[in-house]
Amino acid sequence: MIPRLRPPFDLMDIFLSARVGDGMDIQRFEQDFADIFDFPYGLFFPYGRSAMHALIKAGGFEGKEILMPAYTCAVIPHAIRIAGGKIRFLDSALDHFNVPAANLRDALSPNTAMMISTPIFGYPVDKSGYRAAFASAESDCFELYDLAHGFVPEDIKGPQSRDAPAALFGLGISKTATSIYGGMLLLRDLSLYSEVKAWRDANYTTPSVGASLSRFIYAATIWAAFRNPLVYLCDFLERQTKLLDPLTEYYYSKDGPRLPEDNFVHPTQFQARVGRRQLGKLRMLAARRWSISETYEIRLKKEGFVPFESKGTPAFSHFPLSVARREEVVTAMRCHGIQLGNLIDYSCPDLPGYEDCEGAFPNARRFGRSMINLPNWPGMQISDIQRVVEALAKVRNAAPQLFERD
Ligand SMILES: *Cc1c(COP(=O)(O)O)cnc(C)c1O
């Protein structure tokens, strides 16, 4: 079985991090992270969504209008809702899951306080188009890059977050780099940083003594669960039960806006140490995902598939494809020993709790129903990639209607 997910850490990362520190590792992690992405300030949170929540609360965005993609991870609108931001969703393009500049331009108004630019699956957004939209609407709204997927999507001028006032990263177990759970908020403005930090520190409690141990056990369990032959067992458990939900994408709460119970507990120094070790490998981890995905792109095109176009260099946290009949493709691929992902299998405005959101989002809804993700974790071999492509081609040749869209 080729699993769809394999955590990016080695067992050594968690063992070597399980030591007594000097209590400064969170600060070091925040500074290192900021340095790498060329921001002056970093704030480490228990989840990526917690960073979003704190920014709304402490940055003066309560009650203000916030634009964001309809096709994105549900935890972001959840956090905004709960913090009291006013969400306005933007539809995807007809032929691409990212939000096109025209949709941003149509939505911008003097009421817009923030735009969340999200390079979904690491595919760069149309940054120059977004800039032109801000300029033509004379909008000086705050732009937050949600880089929870690919960390460093680039366009022709460099990393997309190069001049944005803020960027947010997810550091959960399935992300490009991980601190087991966690999220990082990078900021450029000192006074905003000071406000968000003060708000966080006033509202968050210190983790219990057991928190590091439970994160350690969780990480070791995940590590073990995604090695063969346990992968078969996990695949079975995942399909038949909800036992593994916390280990997989399903903890993204599709039942309505809420935050995790431990949202207001600081992450541990242990997590910061794991995160710092991962930062040291970030280039390598990202480069591997990139080269696997590039290989997919070339081989899939040769087989007549149509991968998504990208303007610039994607950071490829995932390798997405759009198919006509997803469930059947997933089942058929499983028969070939390949586990596909279907990350973001919804459009946010369709989720419970967002009935009052204005607008129609036909493209986001279509992507929510049609996207699959091919396995692209670091460590996959060329032969694994070849197996995935061959299996897809076999499934398609046997049943082209599963792939063809009308
Ligand atoms: C994972 C993710 C986040 C943050 O996730 P947390 O689980 O809260 O750490 C934010 N945005 C996107 C697009 C994501 O995929």
Which length gain, in nm to one decimal place, applies between Leu213 and Ala393 when the Cα-Cα distance is subtracted from 0.36 nm times their residue separation? 60.3 nm
Gaussian network model of the chain, springs between alpha carbon atoms under 10 Å - residue of Gly182, Gly368, Gly210 with greatest fluctuation: Gly210
Amide H to amide H under 5 Å from Met115: which residues, 5+ apart in sequence or cross-chain, H placed 1.01 Å off N in plane? Leu67, Phe142, Glu143, Leu144
With charges set only on the Cβ (+1 for Lys and Arg, -1 for Asp and Glu), what does the dipole of the chain come to about its Cα centre, in debye to the nearest 20? 980 debye
Quick check for the chain: number of Lys pairs with alpha-carbon distance under 13 Å, counting only pairs 8 or more apart or on different chains? 6
How large is ³J(HN,Hα) for each residue in region 142-147, as worked out from phi by the Karplus curve 6.51 cos²θ - 1.76 cosθ + 1.60 (θ = phi - 60°), to whole Hz, x for Gly and Pro? 6, 10, 10, 8, 8, 9
Can you classify region 1-90 as rounded, prolate or oblate using the Cα gyration tensor, where a ≥ b ≥ c are the square roots of its eigenvalues, rounded means a/c under 1.5, and otherwise it's prolate if a/b beats b/c and oblate if not? oblate
By average C-beta atoms within 10 angstrom, highest first, the peptides 272-279, 28-35: 272-279, 28-35
Work out how much length Gln240 to Lys302 would gain on full extension: take 0.36 nm times their residue separation and subtract the Cα-Cα distance, in nm to one decimal. 18.7 nm
Of 299-309, 154-164, ordering from highest average Cβ density within 10 Å down gives 154-164, 299-309
State the percentage of accessible surface on the chain attributable to carbon and sulfur atoms; use a 1.4 Å probe and exclude ligands, DNA and RNA. 54 percent
With viscosity set to 1.306 mPa s and temperature to 10 °C, compute the Stokes-Einstein D of the chain, Rh being the Kirkwood radius across alpha carbon pairs; µm²/s, no decimals. 74 µm²/s
Which one, Tyr354, Tyr346, Tyr145, has the greatest fluctuation when you compute a Gaussian network model over the chain with C-alpha springs under 10 angstrom? Tyr354
Send over a whole-number figure in Å² for the accessible area per residue of region 159-235, probe 1.4 Å. 40 Å²
Could you tell me how many cubic angstrom of Cα convex hull volume region 78-118 has per residue? 75 Å³
Result for region 314-368: accessible area per residue, probe 1.4 angstrom, in square angstrom, of 38 Å²
With Rh as the Kirkwood radius over Cα pairs, region 11-144 has Rg/Rh of 1.05
Of Asp189, Asp25, Asp350, the one that fluctuates the most in a GNM where the chain has Cα springs shorter than 10 Å: Asp189
Given the -39500 (n - 2.57) contribution per DSSP H run of 4+ residues, what per-residue ellipticity at 222 nm results for the chain, rounded to the nearest 500 deg cm²/dmol? -12500 deg cm²/dmol
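The values are calculated or read from the model by the stated rules, or taken from the named source; none is laboratory data. Because the structure is predicted, anything quoted here is derived from the model rather than measured. We place every Cβ from the backbone using ideal geometry, glycine too, and count neighbours over all the protein chains shown. For accessibility, only protein heavy atoms count, side chains too; no ligands or nucleic acids. Shrake-Rupley method; radii C 1.70, N 1.55, O 1.52, S 1.80 Å.
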